[in-house]
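The values are calculated or read from the model by the stated rules, or taken from the named source; none is laboratory data. Computed from a predicted model, the values in this text were never measured in an experiment. Cβ: placed from backbone, ideal geometry, glycine included. Neighbour counts: every protein chain shown. Quick note on the areas: whole protein, heavy atoms, side chains included, nothing else; ligands and nucleic acids left out. Shrake-Rupley method; radii C 1.70, N 1.55, O 1.52, S 1.80 Å.
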Amino acid sequence: MYRKGWRYYRDSTLLWVTFFIALAISGYALKNPVYWIMALCLWMIRIPYRNAFIFAHPFRRFNWIGETYLDFREVTFKSRDGLTLFGRFHPGRNQATILLLHGLGGTNSNMLIYAEFLANAGYGVFMIDLRAHGSSDGDTSTFGLREADDVAGAVDYLLSRVDVNGARIGALGISLGAQAALRGALKTDKIRALVLEGLGPSVLADHGGRPRTLRRWINYPFNWLYYRIYEYMIRGRDTGVLEVIGRITPCPLLLIASGEKDIYFARLFFQAANEPRELWEVPTGEHGAAILRDSRMYIQRVVAFFDKALL
């Protein structure tokens, strides 16, 4: 059975300590207004701390899979840095295989809807639980920094199978999974096509330089503090998407952005990427859920992209 590591207890203790201190000072502020300044500062610090905690230590969900006609084989494999990870594999008809990577707080079963339409198109699919998620080892999610080892380990497993063509491996990632797929493609050249949906910033520089609007000026100190706290929790500092996305060339790239915020970042990343690259925007969708807005177009575009890149 999975057990939480010491970093989780350290970070959760600090989270609760800041909460109770802010609560106590707020009580003093009812009698002495001068304490409101201190209370406000503590609450403002706690917001990015809480967000960093959620990203570093996502809640684990039960790893069950709904009813499906696909015959999955449950497997365990090693990440490049030695963690034991869990996944479900379904072989394809064309020996091409797509690695499916879930978002923050999810499990491999969240990718079932993608697995089914890709399997219908003849592809093999490999849905995995990233570290600190589902049935995989690990107690800290690093938003792609160390998940790159998970992706590289999954590719190593696929290369060991006789029913997988090592020259026909692609990856589709949602949000956290998109970060993992991007960084994983820098660790192994066996990933020959990337579909990244909901790819977000991983460092402050990914927000596009100096703030140009009042809203971004207000958010700037919160974002700066969030990244500093998050780096402390995960014991590392990631390289920005804007810096690394151009390094995956000549791997074909399809960026999918759903909603205003995703579209803003996708345009920044698209400009930094090299050819071959594509960008599909779904203005009325939600983060990481473009398939729910227009499933027919989503399936057509993703399958056509993989067909062109891998077949």
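Here is how the numbers come out for the structure above:
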item: In nm, spacing of pseudo-spin labels at residue 189 and residue 274 (7 Å Cα→C-beta vector); result: 1.2
item: Low-density loop cleavage sites - trypsin sites (Lys or Arg not before Pro) in the range 234-303, where at most 16 other Cβ are within 10 Å (DSSP); result: 235, 237
item: Share of carbon and sulfur in the accessible heavy-atom surface of the chain [1.4 Å probe, %]; result: 58
item: Integer Hz, Karplus 6.51/-1.76/1.60 couplings in order for the range 94-100, x for Gly and Pro; result: 10, 6, 8, 9, 10, 7, 10
item: Computed over the range 123-255: relative contact order in percent, which uses C-alpha pairs under 8 Å that are six or more apart; result: 23
item: Where a label projected 7 Å from the Cα of residue 235 along Cα→Cβ would reach, residues of the range 134-177 with amide N under 19 Å; result: 137-150
item: The range 43-118 and the range 13-37: distance between their alpha carbon centers, rounded to Å; result: 39
item: Nearest-20 debye value, the range 149-213 charge dipole, Cβ charges on Lys, Arg, Asp, Glu; result: 240
item: For the chain, size of Cβ-based charge dipole, Lys and Arg +1, Asp and Glu -1, in debye; result: 780
item: Å² of accessible area per residue within the chain, as computed with a 1.4 Å probe and no ligands counted; result: 48
item: Relative contact order [Cα under 8 Å, 6+ residues apart], the chain, whole percent; result: 16
item: Solvent exposure ordering (accessible area, 1.4 Å, most first) of 287, 90; result: 287, 90
item: Gyration tensor (alpha-carbon) shape descriptor, the range 181-311, a/c threshold 1.5; result: oblate
item: Taking the range 210-311 and dividing mean pair separation by its residue count, relative contact order in percent (alpha carbons under 8 Å, at least six apart); result: 22
item: Residue (of 21, 39, 49) at the positive-pole extreme of the range 1-52, dipole from beta-carbon charges; result: 49
